[in-house]
Structures are given as C-alpha cells and as structure tokens.
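The values are calculated or read from the model by the stated rules, or taken from the named source; none is laboratory data. Predicted, not measured: the structure shown is a model, and the values here were computed from it. Note: ideal-geometry Cβ built from the backbone for every residue, glycine included; neighbour counts use all protein chains shown.
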C-alpha cells in the first residue's frame, strides 16, 4: 500500500464514512421509491378526479426534487469523496474495475435529473398521459441506477467465487439478486414513510388520512417483502461472513439488535396507521421516518462491518494492505509515506487506524487494550487474525510488533499514585 | 520516479480512449459550473444596481440556478471518474493531504444549495436579505472552486507532498504554488464571462415576450462578457508566464500540438471579442463552447507535461473491458436519446401537446 493516511485519530475515517453513507442511502432509497409514488398517486388522482390529491402531488413533487435531486447527488459524491480519502487503495481498485459501470450509472443520473425537472415543470402543460410517461421515465432510470450500483456494492462483500473473473461475473455476484430485491423493498418502505410524513404536514386532514392509509399499507407490504429478502441475502453470504453476522462479531450483534427493534416499531406503527390513520400526526410520522433511518443505518452498518477484515473481500484488507503480502517481513521500510521516527504510531496509523480510534467513540483502542501489559499485547497482536477473524493479521517484524505494543500501552491512562505512597517515600520533616 | 507516487491500477481501456471521454465531459462540467457561478454573480450585480429592469431580470436568472447546480455536480462526477482512472495515483495523495478541505466541499455545496432553495421558495422578501443570501452562496462557490484549484495543482506539485511528514491531518493547501492564483483567477473570470453570456442569451430568449427587458438583458450581458474577456486575455498571459519554463516552452513552439491549441485559443478569444461587439450573441455562445473545449485540451497537455518522468503510459497495466465499455456506450446512446425526447416535451408549446392528445374537460377541471 503506497497511499498516505488521512490521520484523524480521535474521529476515525470509518465514522465519517458511516455518517455520510447512511444519510445518502436514506435519501437515495427515497429517490428510487418516491418517483413510483408520484406516478401511482397521479394516476390515482386522474382516475378518481381527485383534485385535492392532485394539489398534494404537485407540492410533494417539489419537496421530492429538493431532497433528492441535489442532496441525493451531493451526499452520493460525499461517499465517493470520503472513501477516496479513507480507503484510497480500495477506491482506486474499485474505480478501475468498474469505471464503465459507474459511467453508465452517471448517464442514468443525468436522465433522472432531466426527467424529474421536466416532470416538475410540465404539470400544467402536458396532457396527463404524456406527463405520466415522463414520470415513468424517471422511475425507470432511478431504479436502474439502483440496479447498477447494487452490482458494485455487493461485489465488495461477495466477489464471485471463481477468480479471475470477468466484469459480468463480478457484477452479477452471489448476493446481487437478493440484495437488489431487499433494496427495492427498502426503497418502497422508506419512500412510503416519506409520503406519510409529508401527508402529516398537509392541512387537508381528510386527504392526509386517506394518504396515510394507502402509504402505510404499501409500506407494510414492502416491509413484509424486505424480511424474506433479507433472509435470502443472509443465506447467500459466504460462511465466514455469515458466522460474523450471526454472533462472532460483537459490533454486528449490537447493530442487528437495534435493527430488530426498528422493524418491530415500524410494524406496530404501520399497523396503527392502517387502522387509525387519523391518529398519525406530525410527531408519529416523523418518528416513523427516523425509525426508517435507523433500520437503514443498521443494515448498511452490518453490511460494512460484515466485510471485515476486508475492504474488498478476499483481496484487500480494511487497512488497504493486500492479502498476499508476507506477514513477517519488516513493514515500515516498505511504506514510503511512513515517518522514520515513532514506529509505534506509524504502525497504528497504517494498520489499525482503519477500524480503531484513539480515545474516540468508535472502537477506541485505548479502551480495548485496557488492562493489557506490553508483553500480553505484543503476544495478542501476533494472533490478531487467529483470535479475532474480523481483524487482519499484523504485518511486520517482531521488533515492530513490540514497538506497536509499547506505543499502545503507553497511551493507557496512568493509574493515579495514591497519596499515601508519596508521603511514605518523601522524608518527613 | 518519486517513491511517494502509488502504483497505478490496471486501466480498463486504452489511455487515449479514457482521455477522450474526459475531454468530452470535463468541458461540459466547466460550462455548467461557469454558468452557475457566473449567473449567480450577475444576479448579485443586478441586485446591487437595483434598477427596475435589473430587478425584473434577476429572478429570471436565479430561477435557473437549481438545475444548473444539479448539472454541474452531475458532470463533475463524470469528469472526476475518468480523471481518477487516468491519474488516480496523483489524485488520491493530493486529496488526502488536503483531506479536511476536500471533504468540506460537500457541506459547503449543501449549504449553497439550501441557500438557492431558500431564495426560490420565498422570492418576495426584503431585498437586503435576498442580497445577503446570494452573496453567501457566491462566496461558498468561490471557496469550493478554490479548494478544487488547490487539489488540481497539488496533484502536480510533488515536492509539496513531503510536508505530509510534518502534518498528516489533512490540513495542507497548495498556497505556495506559483500557478495557483493565476489559475484560480483564470477560471473565476471565465465564470463571470459565461454569466454575461447567459444573461445575453436569456435576453435573446425574452425578446419575443418582453422586448424591452430582452434587449436590455442582451446588451448588458454582452457588455459584461466583452469586458471580462478582455481582462481574461491578460490573466491568461500571467498564468502562462507563471507556468514552469519547460511547460511554457512547449506551448510556444516546443510541441506542435500544444502550440496549435494555444494559437487556436488566442484566435478564438479575438473572434469572441469581435462577435460580442457586433451583438452576435448566438455565434458568441458557439465560439465560447469551442473555446472551452480547446482550453480543456490545453489544460490536459499542461498536466501531462507537468508529470513527465512521474508517469509513463507504457508502464501502466492495461486490460480491455470490452463488454463493460460496450454497455456504457449503449447506455450513453439510450440516455442521450431519452434526454432529447424529454427536452422536446418540455419545449413543446402547450397547444401543440394538447392537439396531439385531446384532453378531456375533466383534466382541465383537475388542474384549475
């Protein structure tokens, strides 16, 4: 690995990626599902000659464009920016493998921008059928953009079994279809939650109630679809990843528990909305949206965490080091971007910082090594991957391993020296 | 070769092909960015002038900003994608050294976008407040552009990279680079010129419906455009002068291609000035688009020349991805066709559309 590391020890690159990615995923799944809602509701309004609904759609379309068009794009670019900074080696490998796929994705984004802008500005100008066709063009482009990016994301976790692989094999990898189904369902769910939240702010309470009931039933259906899709996805994971998800990784276990609570809360909330739509006021609708965000967050976090210790499963570790690198050779002389001084710090930076912070919220190594003395830690480091398969093996000489242990134990808060000791050692007058 | 430059990854197609794609999308990104920033600057200027026509024109111009911003970001994505494929080994380290600034681009742009949206939603507001928000937006974009200029020059400034050994928190900028400021000015003045041109084109478009406003906008826009372009020729010369001598030399006779491009650029600039003075707005626009393509070609040559010794194309591994390339080309064709159809729908006069599909009385009732 020959890239510099952007070193923010108290925050950690992973935290930055998580914040941006979860926001983006939330918005982009809304972008995929929301277009469908626009078309469905507009068709409904035409059929029933529902003037109130038609008014709502026009307003909602504006809100939709505001949230998805630029915010969706900017947070998407944000993910790319942050992974370029935090995972340059992995990003570069991905870009070089999939540049044309991403370029096709870009074309779809461009179509989306033009389609939704034309849609928004031709409500009054075009005949209903034509206007709806434009809406459908948007829907198709946005779902295809999910289709395309899904191939790249799933590749990172499950590159296809046979190597070396063609681009088509990498793209249609073992989790491609289950993940596509799962994400499509989640898009339906999230966008439904967005529509109900918008409805909750609508002054015409009668229409709001009707909308809430429709969207809640469809969201419930989407959620019901998401559960078997999620199960199928889990079953398609390779065995070591499955074992991580099923308990070998403490972080994933915690995250999944949060996800389960979110599902439960959503089922209850949506049932309530179908049964008594009038009950769903602004706070409940917003809480529903927030729960959707939590659910999405726990899914994405699990997917990211399940990839550990890799950034590209099977070929590159999370810290950017290639899997085929010899583990016992001296490490730092091979890293042109490392400083000649402070070997311990540099080893931490280039090998552990990808997943650990120093005193930060996310996986603080000072906390994790509490109570270990230098020798214990040095021994532990030599067994990292064996004891905890979600960590890559330490790469470096024995001397470097000890230097890392010394550095990390040196960061431990010093135990306060009891005052009585001080008194004893000093000579009293 | 500098040991700090990472090993390049395998290219998915010949270098020249990807370079060609970059040269197709990057000028479009520049044009969109220039229109965005320039139009916003013109709006600000109009608000300061505060005449009746100025204030009538300003909202028409600012109405374009959201779509222009979406296009700027979108075309930027394509450019960065191809650029990362071609020179990722220089791009990533440069971005990491200035990590905080590089990532700050995202929140800055989100803030700017929120600003435009605010203006769009609540148009009739006290004027000073609108001007304040608009000033904020323009400043945010200027900052973002400055970060990008830093990044693009840091990529080429390998001696600066060793400062990483002193600071690894992503706080470095490329301020000491002699080309930084002229380059930044060059781009920002181009944006102002394009803003003038967009104003003139808007005037042209308005002429039918509102002849007085249309003529005013066209005149004002072209005047701004002409003056700024004159200034630009000066800035361009300073920029050229600040480039390392070996690179400057290439454009002044050392390299045939670079020299021809520079001559074309100068010729085009003069032609553009002549057109602006003759009020040939549409021709002006056509020449300007050509100019941006020529300049982007020149920029790419400067980049290459700056990296001589650090990058040998023959050393870069290559494995053609024919299938994926074909997929992209087909998508591009289908996408362009779809976009063409969509734009036709948008531009079609309402009456023509109605004729093709008899709307029922009901549909009128629903919309009224």
| said: Consider the stretch A:29-54. How many of its residues are over 20 Å from residue A:216 (Cα atoms) and touching a helix residue (DSSP H, G or I) at 6+ places or on another chain (Cβ under 9 Å)? | reply: 3
| note | All conditions in (1) within 9 Å of chain A (Cβ to nearest Cβ); (2) modelled with pLDDT under 95 are true of residue B:92 except (2)
| message | When you scan the stretch B:219-230, do you find a residue that is under 20 Å from the mean Cα position of the chain (by Cα), touching a residue at least 40 places away in the same chain (Cβ under 8 Å) and surrounded by fewer than 22 Cβ atoms within 10 Å (Cβ to Cβ), even just one? | response | yes
| task | Give the residue, chosen from A:154, A:158, A:122, A:133, that is more than 8 Å from chain B (Cβ to nearest Cβ) and farther than 27 Å from residue A:299 by Cβ. | result | A:133
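Per-residue answers, yes or no, for (1) over 30 Å from residue A:51 (Cα atoms); (2) modelled with pLDDT under 90; (3) within 19 Å of the chain's Cα centre (by Cα):
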site	(1), (2), (3)
A:217	no, no, no
A:229	yes, no, yes
A:243	yes, yes, no
A:251	yes, yes, yes
A:254	yes, no, yes
A:258	yes, no, yes
A:293	yes, no, yes
A:303	yes, yes, yes
| query | Can you name the helices (runs of 4 or more DSSP H) wholly within the stretch A:62-164 that have at least 2 residues being more than 18 Å from the chain's Cα centre (by Cα) and under 22 Å from residue B:340 (Cβ atoms)? | reply | A:88-121, A:128-157
| remark: Over the stretch A:47-65, the set of residues facing chain B (nearest Cβ under 7 Å) and under 17 Å from residue A:135 (Cβ atoms) is A:54
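Conditions (1) over 24 Å from residue A:7 (Cβ atoms); (2) surrounded by 20 or more Cβ atoms within 10 Å (Cβ to Cβ); (3) at pLDDT 95 or above; (4) more than 10 Å from every other protein chain (Cβ to nearest Cβ), marked per residue:
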site: B:96; (1), (2), (3), (4): no, yes, yes, no
site: B:116; (1), (2), (3), (4): yes, yes, no, no
site: B:124; (1), (2), (3), (4): yes, no, no, yes
site: B:128; (1), (2), (3), (4): yes, no, no, yes
site: B:161; (1), (2), (3), (4): no, yes, yes, no
site: B:190; (1), (2), (3), (4): yes, yes, yes, yes
site: B:194; (1), (2), (3), (4): yes, yes, yes, yes
| Using beta carbons and a limit of 7 Å, which pairs, at least six apart or on different chains, have the first residue in the stretch A:336-347 and free of Cβ contacts under 8 Å to residues at least 24 places away in the same chain and the second one part of a helix (DSSP H, G or I)? | A:338/A:332; A:338/A:346; A:338/A:350; A:339/A:346; A:339/B:165; A:346/A:332
| query | Within the stretch B:1-20, how many residues turn out to be surrounded by fewer than 17 Cβ atoms within 10 Å (Cβ to Cβ), touching a residue at least 60 places away in the same chain (Cβ under 8 Å) and assigned to a loop (DSSP other than H, G, I, E, B)? | reply | 5
| query | Out of all the residues in the stretch B:286-304, which are closer than 17 Å to residue B:202 by Cα, surrounded by fewer than 19 Cβ atoms within 10 Å (Cβ to Cβ) and in contact (Cβ under 8 Å) with a residue 40 or more places away in the chain? | reply | B:289
| message | So, restricting to helices (runs of 4 or more DSSP H) that lie completely within the stretch A:222-324, which ones have at least 3 residues that are more than 30 Å from residue A:394 (Cβ to Cβ)? | response | A:250-275, A:282-306
